[in-house]
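**Student:** Dropping the structure in here first, questions after.
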Amino acid sequence: MIKLFGTNTGGVVKGGFSRLPPPPPVAARAAFFAAGILAFSAFCLGCADVEDAYANQGDLKKWLKITAQPQGAVYSQGAQATAMFVEVEADADGVLTYQWYSGAENNTANGSAIEGATEASYTPPTAELGVVYYYVTVNSLPSGGGAGDAATSSAVCVEVNNLVNA
């Protein structure tokens with residue numbers, strides 16, 4: 001005989017699981033949470049920061065962080081723009097991939113991928129008047145396997161106007 005969720009079914013599940021076990025008491029959930037924190041603390045024993053914690057767990061997870069954000073600018077229409085760039089520090093010996101986005105809003109959620117903009121730097125166009133926001137996402141792909149990581153820069157504003165020497 002098999003006893004499922006407190007109901008004697010004689011080894012046959014009739015009509016699916018109609019009754020689930022009650023959740024554990026609040027004290028048990030709190031103890032489980034505290035045990036998780038203690039386990040993480042032991043995992044990080046001697047770690048200076050989260051990146052060290054990742055380094056201590058081997059190739060399971062590689063970390064990535066943006067160390068220099070792109071900078072916005074103001075340009076006169078048709079002027080030569082300066083390339084925006086992002087600098088990255090990564091605990092991976094594999095490949096970093098980049099994708100730049102542009103949008104009308106000052107956020108990193110609603111941009112559209114810029115075709116061909118897949119390097120650490122991107123030079124914005126200055127042919128059209130207006131304000132455009134840019135940001136870049138960076139992904140790490142470790143050569144030794146394991147999970148990579150991703151980071152997104154902050155959005156920066158590039159304004160193109162018709163003033164001379166903007």
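The values are calculated or read from the model by the stated rules, or taken from the named source; none is laboratory data. What you are looking at is a predicted structure, and each value in this text was computed from that prediction instead of being measured. As a convention, Cβ positions derive from the backbone with ideal geometry for all residues, glycine included, and neighbour counts pool all protein chains shown.
**Student:** Would you say residue 136 is over 22 Å from residue 77 (Cα atoms) and at pLDDT below 95? Before the answer, list the steps.
**Tutor:** Numbers: over 22 Å from residue 77 (Cα atoms): yes; at pLDDT below 95: no.
Spelling it out, it is not the case that residue 136 is over 22 Å from residue 77 (Cα atoms) and at pLDDT below 95.
**Student:** Out of curiosity, is residue 151 over 20 Å from residue 67 (Cα atoms) and hydrophobic (A, V, I, L, M, F, W, C)? Step through it out loud before you land on a result.
**Tutor:** On the way: over 20 Å from residue 67 (Cα atoms): no; hydrophobic (A, V, I, L, M, F, W, C): yes.
No: the conditions fail for residue 151.
**Student:** Further question: When segment 50-97 is examined, which residues are found to be at positive phi and modelled with pLDDT under 65?
**Tutor:** Going residue by residue through segment 50-97, those that are at positive phi are 58, 78.
The answer is 58, and nothing else.
**Student:** Anything in segment 96-113 that is closer than 26 Å to residue 63 by Cβ and either surrounded by 12 or more Cβ atoms within 10 Å (Cβ to Cβ) or out of contact with any Gly (no Cβ under 9 Å at 6 or more places or on another chain) (or both)? List them, or say none.
**Tutor:** Applying the first criterion (closer than 26 Å to residue 63 by Cβ) to segment 96-113 yields 96-101, 107-109, 111, 113.
Within segment 96-113, 96, 97, 98, 99, 100, 101, 107, 108, 111, 113 qualify.
**Student:** Scan segment 66-75 residue by residue and report those that are of a type outside the set (A, V, I, L, M) and either outside any strand (DSSP E or B) or surrounded by 14 or more Cβ atoms within 10 Å (Cβ to Cβ) (or both). Give the derivation first.
**Tutor:** In the first step, residues of segment 66-75 are kept if they are of a type outside the set (A, V, I, L, M); the result is 67, 69-72, 75.
Once the filter is applied, which keeps residues that are of a type outside the set (A, V, I, L, M) and either outside any strand (DSSP E or B) or surrounded by 14 or more Cβ atoms within 10 Å (Cβ to Cβ) (or both), segment 66-75 yields 69, 70, 71, 72, 75.
**Student:** Please go through segment 84-103 and pick out each residue that is farther than 15 Å from residue 153 by Cα and touching a strand residue (DSSP E or B) at 6+ places or on another chain (Cβ under 7 Å). Talk me through it step by step, then tell me what you get.
**Tutor:** Kept after step one, since they are farther than 15 Å from residue 153 by Cα, are these residues of segment 84-103: 91-95.
Correct list: 92, 94, 95.
**Student:** Might you check whether a residue that is under 23 Å from residue 79 (Cβ atoms) and surrounded by 14 or more Cβ atoms within 10 Å (Cβ to Cβ) occurs anywhere in segment 141-153? Walk me through how you get there before you give the answer.
**Tutor:** First pass over segment 141-153, keeping only residues under 23 Å from residue 79 (Cβ atoms): none.
No, because not a single residue in segment 141-153 is under 23 Å from residue 79 (Cβ atoms) and surrounded by 14 or more Cβ atoms within 10 Å (Cβ to Cβ).
**Student:** Taking only segment 148-157 into account, find how many residues are outside any strand (DSSP E or B) and under 11 Å from the mean Cα position of the chain (by Cα). Please lay out each step first, then the result.
**Tutor:** At the first step, the residues of segment 148-157 found to be outside any strand (DSSP E or B) are 148-149, 153-155.
Now restrict to residues that are under 11 Å from the mean Cα position of the chain (by Cα): 148-149, 153.
Residues that pass the stated criteria total 3.
**Student:** Also, quick follow-up: Grab the strands (runs of 3 or more DSSP E) fully contained in segment 76-147, keeping just those with 3 or more residues being over 22 Å from residue 65 (Cα atoms). Write out each step before concluding.
**Tutor:** Details: elements: 87-90, 95-103, 130-141.
Here the list reads 130-141.
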